[in-house]
Structures are given as structure tokens and as C-alpha cells.
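Asks: Have a look at this one.
The values are calculated or read from the model by the stated rules, or taken from the named source; none is laboratory data. As the structure is a computational prediction, the values presented were derived from the model and not from experiment. FYI the Cβ positions are ideal-geometry reconstructions off the backbone, even for glycines, and counts take in every protein chain you see.
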Amino acid sequence: MNLEQKIMVELKEAMKAKDEATLRGLRAIKAAIILAKTEAGSNGELKEGEDVKLLQKLVKQRKDSLDIFTKQNRPDLAEKEQQEITVIEKFLPAQMSEAELKVAIAAIIAETGASSAADMGKVMNAASKQLGGKAEGKVISAVVKELLSK
């Protein structure tokens, strides 16, 4: 069952349960999938791995909005964003812990032969390909900087 089919099943269940927060999150995912499928050159299908990137993008947008609403003292809007983040994250693969991430990135650093901060681009490229979907880019970047600065 692909992401779109899972979303449709969950959407039906949320409608029956009249769960507004879940409906908002699921509808946002469905809208993003439709937009991605109708983009030029997409031939009406999501490619392998695009669904994870799509979900990560949605979560990132909502986290940015959450930060803004929190800074502007709008707890009502911040709560809605947090609810949507929770719904969207259910469809993402489990995120790696920081310890697991450090081990994986240390292996990538050894693989690429990186030795200084100047090699960060090379390490980030390999890490993004291997760990995409399992950790956020900001977290990967922070760990890479930490490990290369030692």
C-alpha cells in the first residue's frame, strides 16, 4: 500500500470519527501529493523516496510556522500546527537517535576520507543520501560539524 492509499484510508477513518485535527493533517498531505503528481515531468506518479521528502517538507513548514506562532504569542495557532506535525510524522520512518546518527556519520566520514571542516560538503552529500528520511538535515549538519571539528 503506497502513501496515497494509506492517507485515503486514514482520511475515511478520521471523517467517521469527526477528528478535525487529524483531518487537517491528512488533507494537507493529500493536497501535497496531488500537487507533486501534477507537476511538470512527474508523469502522474510519485517516485520512490519522494513521499518521504514530501512529508519532511510538510513537517518542516509546520515547525517553522509553530516557531513563528510561539514567538508571536499565538498558542491557539501553535497548537493546530503541533497537531498537524503529529499527524504527518506518523507516516515518516522512525527518526534516528543522536547516538545512532553519530555512529552512522562517523562511518560516512571514514568512508569518504574527510578530515576537516573543509570536507563537510562531501560528507553532507553522502550522509543526505544514506540517512535521508531517518534524520532531519539540520541535525545531520550539526553532527557532521561536531565530528569534523574534533
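Asks: I'd like to know if the stretch 54-63 contains one or more residues that are in contact with a Phe, Trp or Tyr (Cβ under 7 Å, 6 or more places away or on another chain) and surrounded by 14 or more Cβ atoms within 10 Å (Cβ to Cβ). Step through it out loud before you land on a result.
Replies: Going residue by residue through the stretch 54-63, those that are in contact with a Phe, Trp or Tyr (Cβ under 7 Å, 6 or more places away or on another chain) are 55.
In the following step, the residues that additionally are surrounded by 14 or more Cβ atoms within 10 Å (Cβ to Cβ) were identified as 55.
Yes, because at least one residue in the stretch 54-63 is in contact with a Phe, Trp or Tyr (Cβ under 7 Å, 6 or more places away or on another chain) and surrounded by 14 or more Cβ atoms within 10 Å (Cβ to Cβ).
Asks: Using the structure shown, decide if Leu66 is crowded, with 18+ Cβ neighbours inside 10 Å and in contact with an Asp or Glu (Cβ under 6 Å, 6 or more places away or on another chain). Steps first, please.
Replies: On the way: crowded, with 18+ Cβ neighbours inside 10 Å: yes; in contact with an Asp or Glu (Cβ under 6 Å, 6 or more places away or on another chain): yes.
Spelling it out, Leu66 is indeed crowded, with 18+ Cβ neighbours inside 10 Å and in contact with an Asp or Glu (Cβ under 6 Å, 6 or more places away or on another chain).
Asks: Does Lys90 satisfy the condition of being of a type outside the set (A, V, I, L, M) and over 27 Å from Asp19 (Cα atoms)?
Replies: Here the answer is no, as Lys90 does not meet what is asked.
Residues checked against (1) at pLDDT 95 or above; (2) of a type outside the set (A, V, I, L, M, F, W, C); (3) in contact with a strand residue (DSSP E or B) (Cβ under 9 Å, 6 or more places away or on another chain):
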position	(1), (2), (3)
Ala36	no, no, no
Glu39	no, yes, no
Asn43	no, yes, no
Glu48	no, yes, no
Lys60	no, yes, no
Ser65	yes, yes, no
Phe69	yes, no, no
Glu89	no, yes, no
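Asks: Quick check on the stretch 88-103. Is at least one of its residues under 21 Å from the mean Cα position of the chain (by Cα), crowded, with 18+ Cβ neighbours inside 10 Å, among the charged types (D, E, K, R) and closer than 30 Å to Lys12 by Cα?
Replies: Within the stretch 88-103, not a single residue is under 21 Å from the mean Cα position of the chain (by Cα), crowded, with 18+ Cβ neighbours inside 10 Å, among the charged types (D, E, K, R) and closer than 30 Å to Lys12 by Cα.
Asks: In addition: Residues that are at pLDDT below 85, polar (S, T, N, Q) and either under 18 Å from the mean Cα position of the chain (by Cα) or exposed (fewer than 13 other Cβ atoms within 10 Å of the Cβ) (or both): does the stretch 113-124 have at least one?
Replies: yes
Asks: Filter the stretch 2-32 down to the residues that are farther than 16 Å from Leu92 by Cβ and not in a helix (DSSP H, G or I) and list them by number.
Replies: Across the stretch 2-32, the qualifying residues are Lys18, Asp19.
Asks: Suppose we keep only residues that are crowded, with 18+ Cβ neighbours inside 10 Å and β-branched (Val, Ile, Thr) within the stretch 69-87. Which one would you say is farthest from Glu4 (Cα to Cα)?
Replies: Ile85
Asks: Just checking, which of Ala21, Ala31 is surrounded by 15 or more Cβ atoms within 10 Å (Cβ to Cβ), modelled with pLDDT of 90 or more and assigned by TED's automatic domain parsing to the domain that holds Lys80?
Replies: Working: Ala31 fails: surrounded by 15 or more Cβ atoms within 10 Å (Cβ to Cβ).
Only one candidate passes the filter, namely Ala21.
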